[in-house]
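One structure is given here, and the rest of the page talks about it.
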Amino acid sequence: MAQILQPTEENLRLLRKFLSFKGLVGIPSETVYGLAANALDAEACQKIFVAKGRPSNDPLICHVPNFESISKICTPNGLAKKLADKFWPGPLTMILPKKSIVPDIVTSGLDSVAVRCPAHPVFKRLIEGCEFPLAAPSANPFSYISPTSAEHVQSGLGNKIEYILDGGSCEHGLESTIIDIRNPNAPRILRYGALATEALEKALDREIAKPPKDLKPNQAALAPGALPKHYSPKTCLKLRNTPITAKEAENASQNTAFLFLRKPSDTRSKTDNIFWLSEGGQLDQIAANLFSALRRLDESHFDLIIAEEAPELELGLAINDRLRRAASQ
Ligand code: AMP
Ligand code: MG
């Protein structure tokens, strides 16, 4: 099993050194836990793909301590600066033209690279002392539910890595929003995530192109790695676009779990197959609890999970994107 380390200065020094010698480390972020390696070292990054069982055509996001340091790995434009001023550090990933210092394995051979400056205080401290950017996808076996705690990383990858840095549970619980800004006149959202697109549109005072709602495999051509089946529990998950009633859940087989967006008000008695993601339907709470709730249900005895779709706005778009992929066979 991996050692779970607390974020003391001594441990951070040890981990930076370990990373500089091609090591992989499970790290906390404000989105989900990541599996980090030196982004400028092809051999180190290759280990990420092996540990996760991730296909080589699914490129990695490179994390940097500040906006200035992205110039080493990509060519920023005015829009990148504007977005970074407003949303970095935070859950926004930008796609920009890559520089040759970034190994091809990181970008799956593309001539663009994904860059993000994380806000999590522990990730920040780690990366501020590193002499290289950190490539870090989510720290889970490929296509399983993303991890939002050090224990989740341990259960999924503990036998494949040596260290996990503990930074508590993730604030957002959803991956970053990805925006392609290579053409600053035509920015495009590639993945919904923890930063609502409405906030981006407001900041830019314009509409931004969105990903298609239907999950077709050829969508991968637009956003490499965006596969229809992802974030998936082993238990079959079905999505409802109409509200579930507590009565329905109470009358159903005890082998079916019902995942409500908010605590149902009409629940008669405590039943063991009713779960909710928030008290009052707040989207940030639903997002923060989504992956850990799916894991808990997956570890229970249920043979079917029925989940409610969120409203199609703000974080609801990212929540539904994850739920649809989780429900995809
Ligand atoms: P994650 O696995 O959550 O770290 O997310 C990585 C995702 O970022 C990939 O699956 C891609 O969809 C996206 N991505 C990374 N690099 C690029 C790139 N150069 N161009 C387009 N999308 C990218
Ligand atoms: Mg992932």
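If the condition is being of a type in the set (A, V, I, L, M) and either without any contact (Cβ under 8 Å) to a residue 12 or more places away in the chain or open to solvent by 10 Å² or more (accessible area, probe 1.4 Å) (or both), then the stretch 64-80 contributes only LEU79. Here the stretch 180-196 is the region considered, the condition is being under 14 Å from the mean Cα position of the chain (by Cα) and either within 13 Å of ligand 1 (Cβ to nearest atom) or aromatic (Phe, Trp, Tyr) (or both), and the residue that is surrounded by the fewest Cβ atoms within 10 Å (Cβ to Cβ) is ARG191.
Within the stretch 81-107, the set of residues being part of a loop (DSSP other than H, G, I, E, B) and open to solvent by 40 Å² or more (accessible area, probe 1.4 Å) comprises PRO89, LYS99, SER100, ILE101. Regarding the stretch 174-181, can at least one residue be identified that is closer than 14 Å to LEU315 by Cα, part of a loop (DSSP other than H, G, I, E, B) and in contact with a Pro (Cβ under 7 Å, 6 or more places away or on another chain)? Checking the stretch 174-181: at least one residue is closer than 14 Å to LEU315 by Cα, part of a loop (DSSP other than H, G, I, E, B) and in contact with a Pro (Cβ under 7 Å, 6 or more places away or on another chain).
Out of all the residues in the stretch 104-111, is one or more in contact with a Phe, Trp or Tyr (Cβ under 9 Å, 6 or more places away or on another chain) and within 14 Å of ligand 2 (Cβ to nearest atom)? Scanning the stretch 104-111, I find no residue that is in contact with a Phe, Trp or Tyr (Cβ under 9 Å, 6 or more places away or on another chain) and within 14 Å of ligand 2 (Cβ to nearest atom), so the answer is no.
Any residue in the stretch 9-21 that is aromatic (Phe, Trp, Tyr), assigned to a helix (DSSP H, G or I), surrounded by fewer than 20 Cβ atoms within 10 Å (Cβ to Cβ) and out of contact with any helix residue (DSSP H, G or I) (no Cβ under 7 Å at 6 or more places or on another chain)? The answer is yes, given that some residue of the stretch 9-21 is aromatic (Phe, Trp, Tyr), assigned to a helix (DSSP H, G or I), surrounded by fewer than 20 Cβ atoms within 10 Å (Cβ to Cβ) and out of contact with any helix residue (DSSP H, G or I) (no Cβ under 7 Å at 6 or more places or on another chain).
Within the group LEU126, LEU110, which residue is at pLDDT 95 or above and crowded, with 21+ Cβ neighbours inside 10 Å? Matching residue, one of LEU126, LEU110: LEU126. Test LYS234 against the criterion of being open to solvent by 90 Å² or more (accessible area, probe 1.4 Å), modelled with pLDDT of 90 or more and within 24 Å of the chain's Cα centre (by Cα), and give yes or no. It is true that LYS234 is open to solvent by 90 Å² or more (accessible area, probe 1.4 Å), modelled with pLDDT of 90 or more and within 24 Å of the chain's Cα centre (by Cα). Checked against the criterion of being open to solvent by 20 Å² or more (accessible area, probe 1.4 Å) and touching a His at 6+ places or on another chain (Cβ under 8 Å), the candidates GLU171, GLU162, GLU201, GLU207 yield just one match: GLU171. Checked against (1) modelled with pLDDT of 95 or more; (2) closer than 19 Å to PHE87 by Cβ, PRO211 meets all criteria but (1).
How about the stretch 129-147: which of its residues are under 15 Å from ALA37 (Cα atoms) and either open to solvent by less than 10 Å² (accessible area, probe 1.4 Å) or within 16 Å of ligand 1 (Cβ to nearest atom) (or both)? Spell out the reasoning first.
If we filter the stretch 129-147 for residues that are under 15 Å from ALA37 (Cα atoms), which is where we start, we get 129-140.
Listed by number, the residues that qualify are PRO133, LEU134, ALA135, ALA136, PRO137, SER138, ALA139, ASN140.
The values are calculated or read from the model by the stated rules, or taken from the named source; none is laboratory data. All values reported here derive from a predicted model rather than from experimental measurement. As a convention, Cβ positions derive from the backbone with ideal geometry for all residues, glycine included, and neighbour counts pool all protein chains shown. Surface accessibility is based on the protein's heavy atoms, side chains included, excluding ligands, DNA and RNA. Shrake-Rupley method; radii C 1.70, N 1.55, O 1.52, S 1.80 Å.
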